[in-house]
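The values are calculated or read from the model by the stated rules, or taken from the named source; none is laboratory data. Quick caveat, the model's predicted, so the values are computed rather than measured. Positions of Cβ are generated from backbone atoms using ideal geometry, with glycine treated the same way; all protein chains shown enter the neighbour counts. Protein only, heavy atoms only, side chains kept; ligands, DNA and RNA dropped before computing areas. Shrake-Rupley method; radii C 1.70, N 1.55, O 1.52, S 1.80 Å.
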Amino acid sequence: MTEPSVSSVDELVAQARQQVAVAITLEELSAARTVMLGKRSGLVAARKALAQMAPQDRRQAGQALNEAKQVIEELFSAREAELAAAARTQKLAAERLDLTEVTQQSKHGYLHVITQTQQELEDIFVGMGYKIAEGPEIESEWYNFGALNFPEGHPARDMYDTLYVDYGEPASTLLRTHTSPVQARVMESQAPPIYVVAPGRCFRQDTADATHMPVFHQIEGLVVDKGTSMGHLAGTIEAFTSAYFGPGFTSRLRPSYFPFTEPSAEFDVQRPDGTWLELGGCGMVHPNVLSACGINPEQWQGFAFGFGIDRLALIRFGIGDLRDLWSNDVRFLEQF
Ligand code: DAH
């Protein structure tokens, strides 16, 4: 073994400096550390060689070796800190989520055209002092027809193209064909005076075309109070017409027939250009209906009205085909 000279000590340091510089990962640095400081390193060999040296030289050489070892260790730990920091930065960069991009891509949801129309109608009636009522979409024959003064086998039942549900006695359960059964449920469960509107889905056996769907929406109105007259009904329809359609629109009632109202009428809305839009049915609640729902017709009178929501949505948004509202093509729906 050659004794460690000053130059060979310097060489060890230079070698370490170079090894440290070329290590670009923590693994490479650790391998280089083994070479420079491990059991088989030049440093350890030089330390062993000290034993063969003359005592007077040994001290100085030993000191030089210690200093070199310290310098080399510092070189490694400085580089290690540097590489660890770089690795951390790189890891953070790789794990980073670009949240700005996500926000830009996502769009806020919005309400369907029919829901928007329904809510607008609700707002108008709530503004007039009405409460919102709800009833089930799967209904009993009694609420859909019986309580509304459609006697069994009455031809008026045939106008409704009813979809029956295979549940209980045959023809006892159905998908409600109008929102009028909510009238009966409200009168049965609430004491008058009553001022409610009931929006919701209705169902009839119908072939889908531009203006009809087997699933559609209606809004029902019901008032039960003392001294209620046809004049109140006409005034209410008129107030609604100008609130929803705006100034320049007026309404009229035309005699008609519904089993649950007497007298019954259809109501139309006149556009500023003079043309008429048929909107829905209305009338004074039939005394039989009041009685069937536990209200004394000698004390209380009421009026009711009902009309389709879907057609209003078509008119309001200038949509030509009802089926487009159901295809759920976002490119179509997001225009409204
Ligand atoms: N339920 C009727 C229908 O769907 C519409 C209707 C007519 C509702 C007269 C009423 C009313 O409340 O009084 O054809």
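What to note about this one:
- A straight Cα-to-Cα reach below 27 Å connects Lys131 with the lysines Lys226, residues fewer than 8 places away in its own chain not being considered.
- A Förster radius of 25 Å combined with the Cβ-Cβ distance from Thr250 to Gln116 puts the calculated FRET efficiency at roughly 0.50.
- When the alpha carbon coordinates of the chain are projected onto the principal axes, the ranges are 132, 51, 39 Å, largest first.
- Taking every C-alpha pair closer than 8 Å and separated by at least 6 residues, the mean separation divided by the residue count of the range 208-296 gives a relative contact order of 19 percent.
- Convex hull projection area averaged over all views, the range 236-336, Cα basis, nm²: 8.7 nm²
- Farthest toward the positive end of the dipole of the chain, out of Ala265, Leu121, Ala14, is the Cα of Ala14, where the dipole comes from beta carbon charges about the Cα centre.
- About its Cα centre, the range 132-275 has a charge dipole of approximately 440 debye under the convention of +1 per Lys or Arg Cβ and -1 per Asp or Glu Cβ, with nothing else charged.
- Under 15 Å of direct C-alpha separation, and excluding same-chain neighbours fewer than eight residues apart, Lys107 reaches these aspartates and glutamates: Glu334.
- Between Ala93 and Lys39, the distance separating the two model label sites (each 7 Å from Cα on the Cα→Cβ line) works out to 4.0 nm.
- Dipole-positive endmost among Gly320, Pro247, Cys293 within the range 243-336 (Cβ charges, Cα centre): Pro247
- Label point at Gln270 placed 7 Å out along Cα→Cβ; residues across the range 232-250 whose backbone nitrogen lies under 12 Å: 248-250
- Cα-projected label distance for Leu50 with Gln190, points at 7 Å along beta-carbon direction, nm: 10.0 nm
- Charge dipole (debye, nearest 20) of the range 65-152; +1 at Cβ of Lys and Arg, -1 at Cβ of Asp and Glu: 540 debye
- Inter-site label distance for Asp166 and Glu298 at 7 Å from Cα along Cβ, in nm: 4.9 nm
- Helix axis angle, 113-127 relative to the chain longest principal axis, alpha carbon, degrees: 60 degrees
- Its DSSP H runs of at least 4 residues, each contributing -39,500 (n - 2.57), put the calculated 222 nm mean residue ellipticity of the chain at -13500 deg cm²/dmol, to the nearest 500.
- As a length-normalised measure over Cα pairs under 8 Å and 6 or more apart, the relative contact order of the range 4-133 settles at 27 percent.
- Cα centroids of the range 177-199 and the range 287-308: 9 Å apart.
- For the range 1-93, the direction-averaged projected area of the alpha-carbon convex hull comes to 5.7 nm².
- HN-Hα J in Hz across the range 301-316 - Karplus 6.51, -1.76, 1.60, θ = phi - 60°, x for Gly and Pro: 10, x, 10, 9, 8, x, 8, x, 8, 4, 5, 4, 5, 4, 5, 4
- Set of lysines with alpha-carbon distance to Lys48 below 17 Å, sequence-local pairs under 8 removed: Lys39, Lys69
- Average accessible area per residue (Å²) across the range 168-314 - probe 1.4 Å, nucleic acids and ligands excluded: 40 Å²
- Shown here for the range 221-310: GluC sites (Glu not before Pro) in loop regions (DSSP other than H, G, I, E, B) with at most 16 other Cβ atoms within 10 Å, namely Glu298.
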